[in-house]
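Reading through the structure tokens given below for one structure.
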Amino acid sequence: MTKQPAQQLYMQIKLDIRDNKLPIGEPLKQQALSERYQVSRIPIRDVLQRLKNEGWLKVSGKRGVMVPALNATEAEDLYMMRMYLEPLLIEYASGKISQQDLGKAADFLVAIDENPNLSIQEHGELNWQFHACLYAVAERQTLFETVSSLHQQCGRYIGFHTKDLDYKSTSQEEHYAMLQALRERDTALAKQILRVHISQAGEQLTQYLQNSN
């Protein structure tokens with residue numbers, strides 16, 4: 001079988017989950033995945049464990065895992081937790097954020113603007129990098145890792161925002177507004193913009209999923 005780097009395999013399986021190319025609600029068989037991706041079962045096992053840890057897969061039976069169905073309640077919970085936790089990180093970071101940090105964050109937004117053909121996966125990664133470079137300045141590692149995990153779990157839902165809900169332009173406007181507030185050292189405004197940014201995205205997504213059922 002052709003060898004495939006672990007990261008490439010991880011990204012491919014993640015993409016296939018997002019694009020509904022793997023069965024939902026059924027145990028994933030390692031042997032079948034090994035044949036599908038032309039790799040041994042060892043990297044398959046490791047990738048499945050990683051995706052389970054990130055919330056992309058759920059336990060099925062005693063040892064197995066499955067792709068869970070997209071769920072409006074889960075989406076609502078994820079965005080609700082983000083809405084409370086991420087403004088805390090901005091508050092802790094605000095006094096430490098330098099012009100260099102703001103410039104780095106702006107670069108990620110420019111990369112999104114200048115590349116209209118980004119895949120959902122690429123857009124999601126740039127979106128997280130924008131937030132992460134600001135949050136990391138807070139130096140609150142446990143809080144940061146919790147938020148990072150929430151973003152990972154939100155990854156399956158990003159496609160709805162970028163395509164079905166056409167939320168990209170609104171999201172970018174809010175990102176730039178938050179950066180401007182941070183440049184002006186207006187922490188309260190930056191927190192407010194971020195809280196609204198997350199809550200509105202979560203509300204739109206939850207409503208969309210509820211209407212789709």
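The values are calculated or read from the model by the stated rules, or taken from the named source; none is laboratory data. All values derive from a computational prediction rather than experimental measurement. No Cβ is skipped: glycine too gets one built from the backbone with ideal geometry, and neighbour counts run over all protein chains shown. Quick note on the areas: whole protein, heavy atoms, side chains included, nothing else; ligands and nucleic acids left out. Shrake-Rupley method; radii C 1.70, N 1.55, O 1.52, S 1.80 Å.
Quick notes
- Candidate lysines for bridging to Lys29, where Cα separation is under 18 Å - those fewer than 8 sequence places away on the same chain excluded: Lys14, Lys21, Lys52, Lys58, Lys62
- Taking the 1.4 Å solvent-accessible surface of the chain as the whole, the part contributed by carbon and sulfur is 49%.
- Non-local lysine pairs in the range 72-211, meaning eight or more places apart or on different chains, with alpha-carbon distances under 24 Å, amount to 5.
- Basic side chains Lys and Arg get +1 at the Cβ, acidic Asp and Glu get -1 at the Cβ, and with that the dipole of the chain about its Cα centre reaches some 1040 debye.
- Amide H contacts of Ser60 (H built 1.01 Å from N, in plane; Pro and chain starts excluded): Val65, Met66 sit under 5 Å, all sequence-distant by 5 or more or on other chains.
- Modelled spin-label separation between Asp46 and Ala69, with each label point placed 7 Å from Cα along the Cα-to-Cβ direction: 3.5 nm.
- Think of each Lys and Arg Cβ as +1 and each Asp and Glu Cβ as -1; about the Cα centre, that makes the dipole of the range 1-93 roughly 660 debye.
- Shape class of the range 5-66 from the Cα gyration tensor (axes a ≥ b ≥ c, square roots of the eigenvalues): rounded, since a/c falls below 1.5.
- At an R0 of 30 angstrom, the distance between the Cβ atoms of Ser212 and Leu118 translates into a FRET efficiency of 0.80.
- Extreme residue, positive dipole direction of the chain, given options Thr170, Ala181, Cys133 (C-beta unit charges): Cys133
- Helix-only [θ]222 nm of the chain, DSSP H runs n ≥ 4, -39500 (n - 2.57) each, per residue, nearest 500: -22500 deg cm²/dmol
- Theoretical gain in end-to-end length, Ser169 to Ile24 [0.36 nm per residue, Cα-Cα removed]: 49.1 nm
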